[in-house]
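Taking it in order: structure first as structure tokens, then the write-up.
The numbers here are math on the coordinates, done by the rules we state, and not lab data. Being a predicted model, the structure only gives us computed values, none of them experimental. Positions of Cβ are backbone-derived with ideal geometry, glycine not excepted, and every protein chain shown enters the neighbour counts.
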Amino acid sequence: MMNKYESRISQRDSVTFTCEKQGSKEGHDVVLPCLSALTPEYFMMSELYDKKSEVFCDSIICATCDFKWNPDIGLEWLEDWNNQSVVKNEVPIINRIEEKHGKKRTYNRRELFKMSSNEAKGQIADLFLDSFQEVTSLKEKIGQTEKRKYLMAYLQKNRDHIHLDRNTFLSDKLHVAKLQVSDECSLCQKCSSICPTGALKVVEAKDTALLQFYTDLCINCDVCEQVCACIDKRPVNRLADILENHVLKVVDQDECPRCRDKKNTGEKLCEDCDVKETRKRSLLSD
């Protein structure tokens with residue numbers, strides 16, 4: 001779905017985001033089922049294509065909509081977005097049709113001739129017959145890994161201009177988090193083995209093992225917290241934090257006397273051998 005919107009954004013001179021009820025009949029707007037589904041990633045796509053963005057929203061129409069969404073509250077985060085130093089063009093909220101700037105760009109003959117691949121034919125079809133219908137649960141259907149792709153491209157492009165001020169909308173709208181672990185962490189690998197995106201990974205060196213956290217892969221899904229009490233998740237309040245990877249825990253290791261595999265220094269056996277030994281003692285005691 002994000003790819004569909006990327007295609008529509010790229011086809012416009014400037015971009016007007018709005019909802020189905022408020023979209024223009026000419027098809028110039030980039031239409032979402034509801035503006036409650038609008039998130040910073042859409043503006044990031046616009047800026048990656050060097051397009052100016054705006055939001056068209058008439059609060060009177062929103063008040064009569066079945067979604068009963070309040071734009072005064074739902075779009076509060078736009079102020080935080082506009083205050084980012086990486087934002088080249090502020091995103092205004094407009095409510096009069098004559099203020100709209102977004103429209104589809106025109107193609108010259110050479111551009112149309114180049115559009116010969118199947119993908120390009122699909123893009124041309126979208127220009128004339130936009131039969132793609134989004135469902136009302138769009139916000140839930142967009143995969144966070146897809147969103148993260150646009151977020152990281154945007155941040156990498158603006159890396160030298162990212163400031164470190166606090167941003168209240170980051171954790172909620174971008175679904176990002178940073179992790180810490182307590183001193184009790186033993187690198188049991190429960191969290192890394194169950195992490196759905198590979199954001200947590202145990203990396204082994206010669207005499208040490210470390211728990212690496214890749215912030216760009218984390219989607220703030222809460223899975224690691226559910227399986228490990230040692231993990232402490234905190235909100236990200238700096239854009240720069242998303243670009244930084246962190247070593248959460250370093251443990252010295254030596255050789256397990258039973259299986260010759262690695263074990264944490266200070267432990268008698270490695271985890272596997274310790275489990276086997278515990279089971280053996282349990283059977284003998286019965």
Of Val250, Gly266, His175, whose Cα points farthest to the positive end of the dipole of segment 150-286 (charges on the beta-carbon: +1 Lys, Arg; -1 Asp, Glu; origin at the Cα centre)?
His175
Net charge over other residues, Cβ less than 15 angstrom from the Cβ of Tyr214 (K, R count +1; D, E count -1):
+3
List the residues, sorted by chain then number, that are 5 or more residues from Lys249 or on another chain and whose placed amide H is less than 5 Å from its amide H.
Leu211
Looking at this model, which pairs from Lys52/Lys149; Lys157/Lys249; Lys4/Lys147 are more than 22 angstrom apart at the alpha-carbon?
Lys157/Lys249
Tell me which aspartates and glutamates have Cα within less than 20 Å of Lys206's Cα, excluding those fewer than 8 residues away on the same chain?
Asp252, Asp254, Glu255, Asp261, Glu267, Glu271, Asp272
Show me, for segment 22-34, the HN-Hα J-couplings you get by feeding each phi into the Karplus relation (A = 6.51, B = -1.76, C = 1.60, θ = phi - 60°), rounded to Hz, glycine and proline as x.
10, x, 6, 5, 6, x, 6, 7, 9, 9, 10, x, 8
With θ taken as phi - 60° and the coefficients 6.51, -1.76 and 1.60, list the Karplus ³J(HN,Hα) couplings across segment 224-235 in order, rounded to whole Hz; mark glycine and proline as x.
5, 5, 6, 9, 9, 6, 7, 8, 10, 9, 10, x
Local electrostatic count, Lys100, Cβ distance below 9 Å [Lys/Arg +1, Asp/Glu -1]:
-2
Reach of Lys173 by Cα under 17 Å, taken over aspartates and glutamates that are not fewer than 8 positions away in the same chain
Glu41, Asp72, Glu76, Glu79, Asp80, Glu140, Glu146, Asp165, Asp216, Asp222, Asp241
